[in-house]
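Encoded as structure tokens, the structure appears first; notes follow it.
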Amino acid sequence: MEVVYWALIILMFIIAFAGLVYPIIPSVIFIVGGFLLYGAFFGFQEYGYQFWLIEGVFVAVLFAADYVSNLMGIKRVGGSKAAIWGSTIGLLIGPFLIPIAGIIIGPFLGAVIAELLVHKKDMKESVKVGLGSLIGFISGVFAKTIIQLIMIGYFLYVVL
């Protein structure tokens, strides 16, 4: 039965990594869900206050990484709050409208359209902001991948 328990915990972590590509999937919930499943199956005795404190800090960093990377990518090229919102909306909708490619095209188009409509910027400037959004998104995915790997690595260190 232990193999089934570990398979479910690993499945939770795999779904969390799928959330990097499909942002509608709340990665952090699945990572914490894996921790809680371990506790339910094997007991919570390995988890001390230090474990929850460290993982809690990483949860906060995960949330911040997403926002900060997008903000920095857009602001660095002169984008506005509208571009940030457009990029976020494109990121949520894009993968469903255009599977796989929508994860790249969505934030880009969202930022471009927002700059064109809200701030009446020309196409060249709007595309520049869209590229900044795309760079911010890719940077965020990279950062969140590392953070999630650290979280899971620390979990494994504590329980094994």
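The values are calculated or read from the model by the stated rules, or taken from the named source; none is laboratory data. These numbers were taken from a predicted model, which means no experiment stands behind them. In this analysis, Cβ positions are derived from the backbone assuming ideal geometry, glycine residues included, and neighbour counts consider all displayed protein chains. Please note that ligands, DNA and RNA were not included when accessible areas were found on the heavy atoms of the full protein model with its side chains. Shrake-Rupley method; radii C 1.70, N 1.55, O 1.52, S 1.80 Å.
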Handout entry: Rough spin-label spacing in nm, given labels placed 7 Å along Cα→Cβ, for Ile25 and Arg76
Key = 2.7
Fill in the blank from the handout: When the chain is treated as a Gaussian network with springs between alpha carbons less than 10 Å apart, the largest mean-square fluctuation among Val118, Val129, Val28 is found at Val118
Practice task
Quantify, in whole percent, the carbon and sulfur part of the accessible surface of the stretch 1-124 (1.4 Å probe; protein heavy atoms only).
Solution key: 78
Practice task
Any chance you could run the full-extension gain for Phe41 through Tyr157? It's 0.36 nm times the residue separation minus the Cα-Cα distance, nm to one decimal.
Solution key: 40.0 nm
Fill in the blank from the handout: Residue-ordered couplings for the stretch 128-134, obtained by feeding phi - 60° into the Karplus form 6.51 cos²θ - 1.76 cosθ + 1.60 and rounding to whole Hz (Gly and Pro as x), are 4, 5, x, 5, x, 4, 5
Problem - Helix 2-21 axis, angle to the chain major axis (alpha carbon atoms, nearest 10°) - result: 10
Practice task
Rank Gly136, Ile93, Leu117 by how far each Cα sits towards the positive end of the charge dipole of the stretch 1-146 (+1 on Lys, Arg Cβ; -1 on Asp, Glu Cβ) and give me just the farthest.
Solution key: Leu117
Fill in the blank from the handout: For the chain, the per residue accessible area (1.4 Å probe, Å²) is 55
Practice task
Among Gly34, Val61, Tyr49, pick out the residue whose Cα is farthest towards the positive end of the charge dipole of the stretch 23-145, where Lys and Arg carry +1 and Asp and Glu carry -1 on C-beta, about the Cα centre.
Solution key: Val61
Fill in the blank from the handout: With a Förster distance of 45 angstrom and the Cβ-Cβ distance between Phe96 and Val3, calculated FRET efficiency to the nearest 0.05 equals 0.85
Fill in the blank from the handout: Among Lys75/Lys128; Lys121/Lys144; Lys81/Lys124, the pairs whose Cα-Cα distance exceeds 20 Å are Lys121/Lys144
Fill in the blank from the handout: In whole Hz, the Karplus estimates of ³J(HN,Hα) for the stretch 79-92 (6.51, -1.76, 1.60; θ = phi - 60°; x where Gly or Pro) are x, 10, 4, 4, 5, 5, 5, x, 5, 5, 5, x, 5, 7
Exercise for the section: Let me know the charge dipole size of the chain about its Cα centre in debye, to the nearest 20, where only the beta-carbon of Lys, Arg (+1) and Asp, Glu (-1) is charged. Expected result: 680
Handout entry: Tilt relative to the chain, helix 102-118 - C-alpha long axis, 0 to 90 degrees, to 10
Key = 40
Exercise for the section: Quick one: plug the Kirkwood hydrodynamic radius of the chain (C-alpha pairs) into Stokes-Einstein at 37 °C, 0.692 mPa s, and report D in µm²/s. Expected result: 196
Fill in the blank from the handout: Computed over all unlike Cα pairs, the Kirkwood hydrodynamic radius of the stretch 66-135 in Å stands at 11.1
Handout entry: Cα-based helix-to-principal-axis angle, 49-76 vs the chain, degrees rounded to 10
Key = 10
Problem - From phi via Karplus (6.51, -1.76, 1.60), per-residue ³J(HN,Hα) for the stretch 29-42 in Hz, x at Gly/Pro - result: 5, 6, 5, 4, x, x, 4, 5, 4, 4, x, 5, 7, 10
Problem - Value of [θ]222 nm, deg cm²/dmol, for the chain, DSSP H segments ≥ 4, -39500 (n - 2.57) each, nearest 500 - result: -29500 deg cm²/dmol
Problem - the chain, relative contact order [Cα under 8 Å, separation at least 6], % - result: 25
